[in-house]
Amino acid sequence: MSDSASLDGFVDKWRQCWPEWGLVSVFVPAAQRGRLSAWLALLHELREAAWGGGDPTPGLAKLAWWQEELRGWAKGARRHPLGEALQKLDAHWDALGKSLAALPGTRAPLDAREDQALLRTFAIGMLACESDLFGGGEPRPDDVDRVVELLRAERALAQGDSEAAARLLPALETARGASLTRPRRLQQAIVRERLRLAARDAGDRGRIPPLRLLFAAWRAARG
């Protein structure tokens, strides 16, 4: 399999889990859509490694591998197919790699403060790369806090805990994140709409109505 085919496979895997982006990507500049798909596919791989599956052992190994891989990206090397689209771009890959050390402790946290600190470490590394990739300055501390809540919601969704996801909705209802990149604000909007579905019915597996999703994305794109 060629690198391009493998790259497409990872992007398709992400799209299957986040089909909403098929609509909301219209709010992203056309020149950024290719890198955005690869970037979100990378984050999907990291989420799966950190929070997916019943046995944490394979995920721990994957996170360790990704730490090494991202250090390689910072030095001009790559092994993973997603690096075909991302490694050549000027971003804080080493900072993102270092931040992955915080993720194992977030899989099944026992202490809320420690969980917040660990998620914040990862969020800062992630947002540094997003600012490089999609344009933007350093996010405000309160917007980083909002991203921490977003990560908690993504974790609950990844672990299939609809009730825990629904309880996080109030924290994201007013989150706009003006200092965040547009793709991050759009992801917030998607997750917020997923949480609204979960809040209405903890067992809801339906899709967000397209018009509602487009309106939420339009508001997020405006900042």
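Key figures for this structure:
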read-out: Test for GLU69: is it open to solvent by less than 10 Å² (accessible area, probe 1.4 Å) and farther than 30 Å from LEU214 by Cβ; value: yes
read-out: Hits in the stretch 146-175 (condition: open to solvent by 60 Å² or more (accessible area, probe 1.4 Å) and either within 16 Å of the chain's Cα centre (by Cα) or more than 23 Å from ARG222 (Cα to Cα) (or both)); value: ARG146, GLN159, ASP161, GLU163, ARG167
read-out: Neighbours by Cβ (under 6 Å, 6+ apart or cross-chain): first from the stretch 86-110, under 25 Å from ARG33 (Cα atoms) and at pLDDT 95 or above; second open to solvent by 40 Å² or more (accessible area, probe 1.4 Å) and of a type in the set (A, V, I, L, M, F, W, C); value: TRP93/ALA74; ASP94/ALA74
read-out: Some residue of the stretch 184-192 being open to solvent by 10 Å² or more (accessible area, probe 1.4 Å) and modelled with pLDDT under 90; value: no
read-out: Boolean, GLU84 is farther than 18 Å from VAL148 by Cα and open to solvent by less than 10 Å² (accessible area, probe 1.4 Å); value: no
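Residues are listed down the side, and each one gets a yes or a no for (1) outside any helix (DSSP H, G or I); (2) under 23 Å from ARG182 (Cβ atoms); (3) touching a Ser or Thr at 6+ places or on another chain (Cβ under 6 Å); (4) not polar (S, T, N, Q):
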| site | (1), (2), (3), (4) |
| --- | --- |
| ARG35 | no, yes, no, yes |
| PRO58 | no, no, no, yes |
| GLU68 | no, no, no, yes |
| ALA85 | no, yes, no, yes |
| LYS88 | yes, yes, no, yes |
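The values are calculated or read from the model by the stated rules, or taken from the named source; none is laboratory data. None of the values given here were measured: they were computed from a predicted structure. Methodologically, a virtual Cβ is constructed for each residue, glycine included, from the backbone with ideal geometry; neighbour enumeration extends over all protein chains shown. Only protein heavy atoms, including side chains, enter the accessible area calculation; ligands, DNA and RNA are left aside. Shrake-Rupley method; radii C 1.70, N 1.55, O 1.52, S 1.80 Å.
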